[in-house]
1. How about region 76-87: which of its residues are of a type outside the set (D, E, K, R) and either in contact (Cβ under 8 Å) with a residue 24 or more places away in the chain or surrounded by 10 or more Cβ atoms within 10 Å (Cβ to Cβ) (or both)?
2. If I ask for residues that are among the polar types (S, T, N, Q) and out of contact with any helix residue (DSSP H, G or I) (no Cβ under 9 Å at 6 or more places or on another chain), which ones from region 1-39 would you list?
3. Are any of the residues in region 13-20 on the phi > 0 side of the Ramachandran plot, at pLDDT 95 or above and among the charged types (D, E, K, R)?
4. Does I62 satisfy being within 30 Å of R20 (Cα to Cα), modelled with pLDDT of 95 or more and in a helix (DSSP H, G or I)?
Amino acid sequence: MMLRLQKRLAASVLKCGKGRVWLDPNESNEIAMANSRFSIRKLIGDGLIIKKAVALHSRSRIRLFKYARRLGRHTGIGKREGSKGARQPPKILWLRRQRVLRRLLRKMREAKKIDSHMYHSFYMRCKGNQFKNKRVLMEAIHNQKNAWLKQKAENEQIEALKAKAKLIKDKRKARLMAA
């Protein structure tokens, strides 16, 4: 039985495509009698014509693929299009590195592990591309701190020696004056 007209009218009334209109196959005679929008609405109310749900477009396969990508699959040489710089722009790499290094410097300054002078010095050296990662920066900071402590200890020793020499000189002078 031809129900093309009814399907078209039902699609128009239900505001959907003809593919989403379901006509009850057991009641095809009754549906065939309907030739107006009014009668189609009545059949819809009775449940002889139904608007089907939209077919799902599952993302489960995409999710699996993305998870595999995160594990490093599907990223071999054969899958790559575009230069290294196009896939991972050097500017973004630089930005990330600077942010990591600057965050570390800020943390160390706030924790009073380095003073503001040392912070500024290392900040400028980071900007000058002297440190390629966090570990190298940490090593440089420790080396600098150790060098400063060593210098401080040496200066104190020199001051102590000078003070001792002055004391001996003063004693000698006092002895000569007394004699």
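1. First, the residues of region 76-87 that are of a type outside the set (D, E, K, R): 76-78, 82-83, 85-86.
Within region 76-87, just G85 meets the criteria.
2. Within region 1-39, the subset among the polar types (S, T, N, Q) is 6, 12, 26, 28-29, 35-36, 39.
Of everything in region 1-39, those that are among the polar types (S, T, N, Q) and out of contact with any helix residue (DSSP H, G or I) (no Cβ under 9 Å at 6 or more places or on another chain) turn out to be N26, S28, N29.
3. yes
4. Details: within 30 Å of R20 (Cα to Cα): yes; modelled with pLDDT of 95 or more: yes; in a helix (DSSP H, G or I): yes.
In short, yes.
To keep it simple, each residue is scored yes or no on (1) in a helix (DSSP H, G or I); (2) touching a strand residue (DSSP E or B) at 6+ places or on another chain (Cβ under 6 Å).
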position: K7; (1), (2): yes, yes
position: C16; (1), (2): no, yes
position: E27; (1), (2): yes, no
position: I31; (1), (2): yes, yes
position: S39; (1), (2): yes, no
position: G45; (1), (2): yes, no
position: I50; (1), (2): no, yes
position: V54; (1), (2): no, no
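The values are calculated or read from the model by the stated rules, or taken from the named source; none is laboratory data. Values in this document were obtained by computation on a predicted structure and should not be read as measured data. Ideal geometry is used to build each Cβ from the backbone, glycine not excepted, and the neighbour counts take in all protein chains shown.
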